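A.B. asks: Before I ask anything, here is the structure I am working with.
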Amino acid sequence: QVQLVESGGGLMQPGGSLRLSCAASGIILRFYTMGWYRQAPGQQRELVASITRGGSTNYAESVKGRFTISRDDAKNTVYLQMNSLKPEDTAVYYCNGVQTLQPWGRGTQVTISS
């Protein structure tokens with residue numbers, strides 16, 4: 001059974017940084033293109049960053065230059081380093097596959113507010 005467990009969110013002031021983690025069981029993440037998604041209140045879930053099997057990364061324009069996705073194959077974990085955070089980054093963040101979706105985890109809440 002596949003489980004994706006996100007962590008690392010919290011309340012942060014604008015301009016601050018957070019690092020999110022996505023630990024996986026029942027699936028080997030390096031075999032898939034993995035992504036970080038976010039869903040703000042009243043909005044659809046959107047893909048903000050992805051990393052391919054080969055390690056190539058891609059970002060939504062809204063986070064490009066501020067967020068960095070990475071993967072630790074030994075820990076079977078995907079990370080999202082978020083810098084220069086803005087109030088509009090407030091959302092629940094999830095990880096999942098891009099071409100192949102797995103059961104969604106509970107996500108981790110990120111709130112950016114002064």
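The values are calculated or read from the model by the stated rules, or taken from the named source; none is laboratory data. This is a predicted model, so every value here is computed, not measured. When we count neighbours, we look across all protein chains shown, and the Cβ atoms used for this are built from the backbone with ideal geometry, even at glycine. What goes into the accessible areas is simple: the full protein's heavy atoms, side chains included, and nothing from ligands, DNA or RNA. Shrake-Rupley method; radii C 1.70, N 1.55, O 1.52, S 1.80 Å.
A.B. asks: Going by the alpha-carbon gyration tensor, a ≥ b ≥ c the square roots of its eigenvalues, is region 22-66 rounded (a/c under 1.5) or, if a/c is not under 1.5, prolate (a/b greater than b/c) versus oblate?
C.D. replies: oblate
A.B. asks: A follow-up question, please. Add +1 for every Lys or Arg and -1 for every Asp or Glu among the other residues with Cβ under 14 Å from the Cβ of D89, and state the total.
C.D. replies: Around D89, the charge tally is +2.
A.B. asks: In addition: I'd like the carbon and sulfur percentage of the solvent accessible area for the chain, probe radius 1.4 Å, heavy atoms only, ligands and nucleic acids excluded.
C.D. replies: 46
A.B. asks: How would R106, R71 line up by accessible area, probe 1.4 Å, largest first?
C.D. replies: Putting R106, R71 in descending order of accessible area: R106, R71.
A.B. asks: Within the set of other residues whose C-beta is less than 12 Å from the C-beta of F31, count the net charge using Lys and Arg as +1 and Asp and Glu as -1.
C.D. replies: My count for the surroundings of F31 gives +2.
A.B. asks: A follow-up question, please. Which value, in debye to the nearest 20, gives the size of the charge dipole of the chain about its Cα centre, when Lys and Arg are +1 and Asp and Glu are -1 at the Cβ?
C.D. replies: 140
A.B. asks: If you don't mind, another one. How much accessible surface does W104 have with a 1.4 Å probe, in Å² rounded to 10?
C.D. replies: Here the residue's solvent-accessible area equals roughly 100 Å².
A.B. asks: With every protein chain present, what is the per residue accessible area of the chain (1.4 Å probe, Å²)?
C.D. replies: Roughly 53 Å² per residue, with all protein chains present.
A.B. asks: Take E6, E88 and sort them by solvent-accessible surface of the protein heavy atoms, 1.4 Å probe, largest at the top.
C.D. replies: Result, largest first: E88, E6.
A.B. asks: Could you tell me the accessible area of F31 in Å² (1.4 Å probe, neighbours in place), rounded to the nearest ten?
C.D. replies: Surface open to solvent at F31 totals about 100 Å².
A.B. asks: Let me ask something additional. Taking all protein chains together and a probe of 1.4 Å, list K75, K86, K64 from the most accessible to the least accessible.
C.D. replies: Descending order: K75, K64, K86.
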